[in-house]
Amino acid sequence: GSWVMQTAANSGVGLSVATLARDRGLRSVNIVRRRDAMDAVKRAGGNVVLLDEPYDTLADRVLAATGGERPKACFDAVAGPITRAIASCLADHALIAVYGVLSGKPCEITPQQLIFHGISMTGYSLPASIARRTAEVVQRDYMALSRLVASGRLHVPILATYPLAAIATALEHAAMEGRDGKILMLPN
C-alpha cells in the first residue's frame with residue numbers, strides 16, 4: 001500500500017515499473033512530460049499520473065492525489081531541476097534512485113532536503129548491477145522477467161523495427177522526442 005514515484009513513467013522502464021508496483025501491492029505516482037503519454041501509464045497500472053510542470057506545484061499536486069501520503073522512493077530517469085521537485089514530494093528518509101539523464105542536466109537537490117529531510121540519492125546502472133551479481137542470480141532474474149513478458153503482464157510497446165542496413169534511419173527515429181515505443185533493430 002505504500003506509494004512509490006517515478007519520472008519518465010511512459011518510457012519502457014516506466015511502464016514496467018507501474019505494472020510491477022501494482023502487482024506487488026504498491027501504489028505509484030507517475031510523472032510524464034507530455035499529456036498524450038498519460039493514458040499508456042494508466043493502462044500499465046499507474047495509480048496517479050501527473051504532468052511534470054510546473055515544478056513548483058508538483059508537491060501540492062502529488063499530495064492532493066495521494067491523500068497526503070508521501071512516496072517513500074522515486075525512480076528518476078530525467079535528472080536536472082525535476083530532482084529537486086521530486087524530493088519535495090517524498091517522505092522523510094526517502095530514496096531517489098537516478099538511472100537516467102533525459103534532461104541532459106545534473107541532478108538538483110537542496111541542502112535542506114538532504115540534511116533536514118534525510119533524502120538520499122543513489123545512481124543505478126544496469127550493466128554495473130549485473131556485473132556485481134552471480135550468473136545464477138542474473139539468470140533467475142531474467143527468467144522471472146521473461147515469464148512476465150510471456151504472460152503478457154509486462155509489455156513495452158514497439159513503435160518500429162528496422163533491418164541492420166537501415167541503422168542510420170533507426171537511430172534518427174530513436175532520437176526523436178515524444179516517441180511512444182521502442183525502436184528495434186532486426187537481425188539479418
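The values are calculated or read from the model by the stated rules, or taken from the named source; none is laboratory data. In this text, all values refer to a predicted model and were calculated from it rather than measured experimentally. Please note: Cβ atoms are built from the backbone with ideal geometry, for glycine as well, and neighbour counts cover all protein chains shown. Each accessible area value is taken on the protein alone, full model and side chains, heavy atoms only, with ligands, DNA and RNA left out. Shrake-Rupley method; radii C 1.70, N 1.55, O 1.52, S 1.80 Å.
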Checked pairs for segment 39-54, first under 14 Å from Gln6 (Cβ atoms), second open to solvent by 30 Å² or more (accessible area, probe 1.4 Å) and part of a strand (DSSP E or B), C-beta under 8 Å and 6 or more apart or across chains, list as Asn47/Arg27; Val48/Arg27
Within segment 105-124, residues at negative phi, part of a loop (DSSP other than H, G, I, E, B) and open to solvent by less than 60 Å² (accessible area, probe 1.4 Å) come out as Cys107, Ile109, Thr110, Ile119
The number of residues in segment 1-47 that are assigned to a helix (DSSP H, G or I), surrounded by fewer than 16 Cβ atoms within 10 Å (Cβ to Cβ) and touching a Pro at 6+ places or on another chain (Cβ under 9 Å) is 1
Over segment 65-83, the set of residues out of contact with any Cys (no Cβ under 8 Å at 6 or more places or on another chain) and over 26 Å from Ser129 (Cβ atoms) is Ala65, Thr66, Gly67, Gly68, Glu69, Pro81
All-but-one check, Arg140 against (1) free of Cβ contacts under 8 Å to residues at least 12 places away in the same chain; (2) within 14 Å of Thr7 (Cβ to Cβ); (3) basic (Lys, Arg), failing number (2)
Q: Please work out if Thr83 is of a type in the set (Ser, Thr, Tyr), part of a helix (DSSP H, G or I) and surrounded by 14 or more Cβ atoms within 10 Å (Cβ to Cβ).
A: yes
Picking from Leu50, Leu102, Leu63, the residue that is open to solvent by 10 Å² or more (accessible area, probe 1.4 Å), in a helix (DSSP H, G or I) and hydrophobic (A, V, I, L, M, F, W, C) would be Leu63
Counting only residues in segment 170-188 that are open to solvent by less than 70 Å² (accessible area, probe 1.4 Å) and part of a helix (DSSP H, G or I), the one farthest from Asn10 (Cα to Cα) is identified as Ala170
The condition from (1) open to solvent by 80 Å² or more (accessible area, probe 1.4 Å); (2) among the acidic types (Asp, Glu); (3) closer than 17 Å to Gly14 by Cα that Glu136 misses is numbered (3)
If we keep only residues of segment 146-158 that are open to solvent by 80 Å² or more (accessible area, probe 1.4 Å) and either touching a residue at least 12 places away in the same chain (Cβ under 8 Å) or not basic (Lys, Arg) (or both), then the residue farthest from Gly14 (Cα to Cα) is Ala150
